[in-house]
Structure formats: structure tokens, C-alpha cells
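The values are calculated or read from the model by the stated rules, or taken from the named source; none is laboratory data. A quick note: this is a predicted structure, and the numbers were derived from the prediction, not measured. Cβ coordinates were reconstructed from backbone atoms using ideal geometry, including for glycine residues, and neighbour counts include every protein chain displayed. Accessible surface areas use protein heavy atoms only, side chains included; no ligands, DNA or RNA. Shrake-Rupley method; radii C 1.70, N 1.55, O 1.52, S 1.80 Å.
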Amino acid sequence: MCEKLNSKKSYFLFEIIFVILLISYFSYSLLPKNTQPEFKVAIDRLVLYLNQTRLQAFIDDKYDLSNPKWFRKRWTLKFFNCSENVGGIYYSIYSDTNMAGHPNADESLKDPLTKKYIYSSNSCEENNSNSEYVLLTKKFGIKNISMTCNSTTSSIGQLSFGSDGKVYSRLSTDENDDSSYLLNEDCTIKFISNKGDISGIKVYANTGFIEKL
């Protein structure tokens, strides 16, 4: 049993290293040369960040017997609308450790290369502490996002990852309700830019595997 667990952890660590190498490749090969459209760069980075979130969930088990709402701390990528006076779309990756129901920078995941938070507030302002890639409209001209698995009522949608590999389209607010909103069908995220470019990402329900369409 111990050998099986050690083997599983080794596999996940290998995946983490692989994702970091991919992020490094895109950072130093694609961006400085400006050989790829900004829209493509934004989607590629989002795929990498989703994989980083999934792997973070594997190694950071949030289960806590003393907390009946422990599952609300699962690592989550969530899409938001910027404030009305700003307009646009952004996303944050976070674990709601303070149980406030909304992310802040201190709870957010960091880009392993730049050490910047994968986070923004709804003011969608650029700063030196946060990753520029989260500002999908302001930086990359993405005007619309739709998710086939959106179970939220106040956002564009989210994906939350469990340490067991399962994916959730929302996190329940009820105590001891850690299994609601389990993703039973593959989730497709569709992106449309101001120039009419279209791209998509699929997250597979049974495995959590993430694929660019």
C-alpha cells in the first residue's frame, strides 16, 4: 500500500516538473519573440495554469475533519466580470482559506516562474504583484467566455479540483456537503476575442485531464 502511494506521489511530482518546464518554454520562447497572436498566448497560458491548479490540488489535500466546510478550500480557477465602470473579464486561482467566499491575493496561487499571484480584483488594474495573463479582456482582447458546466450564479463559472482528482463546477455552502456539483460530464470553455478569434479548452470529467481544442 505504501509503495503504491509513494509511486502515485512520484508520478504527480513528475507532472508538476513537466508543467513548470512547459511554462518556462512558453515564457521564454513564445512571448519575447511575439511570434504568436496575443489571443493564442492567453489561452495557452490558461491551459498551463489550469494544469498547475490541478496538480496543486493533488499535493495540497484540504481535508479537515474538524471543519465541516473544509471542501470550500479546494483549489479553484474562477472567471469573473470586471466592475461595470471598467468592463471585461478576468480570472483568479485561489484556495478560500479564510472562508470569506471571495479570493484575495494572499490566498492565490503563484506563477512558479514569475512568482506573481494568479489573481486580480474586479478593478482589473495592472500591477507588479499579479500575473498579467489573468486580465483576459484588457491584455488579450477576449470579450466573451462561456462554460458548459457553469453552476454558479454570480460569476462566469469556475472549476474546483479535489486531491482525489475529481473536478467540481461549484463548491457547496452547506456543511459536510463535499460531493455536490461533481463534474459528471466533460466541461468545455469557449473563448471569443474582439477580432472574432475562437478557441476552447476541455476539462474531462472522469480524469480531470485538460485539453486545448
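I'd like to check one number: the per residue accessible area of region 36-106, probe 1.4 Å, reported in Å² as a whole number.
Heavy-atom accessible area per residue stands at 41 Å².
Can you give me the relative contact order of region 58-213 as a percent, contacts being Cα pairs under 8 Å and 6 or more apart?
Answer for region 58-213 is 20 percent.
For region 99-213, which whole percent of the accessible surface, found with a 1.4 angstrom probe, sits on carbon and sulfur atoms?
Answer for region 99-213 is 41 percent, counting heavy atoms of protein chains only.
Please calculate how many Å² of accessible area region 128-208 carries per residue, with a 1.4 Å probe and no DNA, RNA or ligand atoms counted.
49 Å²
Estimate the FRET efficiency between E125 and D61 by the formula 1/(1 + (r/R0)^6), using the beta-carbon distance for r and 25 Å for R0, to the nearest 0.05.
The calculated FRET efficiency here is 0.15.
How high is the relative contact order of region 69-123, in percent, with contacts defined as C-alpha pairs under 8 Å that are six or more residues apart?
It comes to 32 percent, rounded to a whole number.
Provide, for q = 0.20, 0.24, 0.27, 0.33 Å⁻¹, the log10 of I(q)/I(0) from a solvent-free Debye sum over equal Cα point scatterers in region 72-117.
The Debye formula, applied to the Cα set alone, gives -0.71, -0.89, -0.99, -1.13.
Can you pick out the pairs among K78/K166; K116/K143; K143/K202; K116/K195; K40/K138; K78/K212 whose Cα atoms lie more than 26 Å from each other?
Pairs exceeding 26 Å: K116/K195.
Take every Cα-Cα pair in region 80-199 and report what % of them are more than 16 Å apart.
Result for the distance tail: 66 percent.
What is the dipole size for region 156-197, taken about its Cα centre, with +1 at each Lys and Arg Cβ and -1 at each Asp and Glu Cβ, in debye to the nearest 20?
The dipole magnitude comes to about 360 debye.
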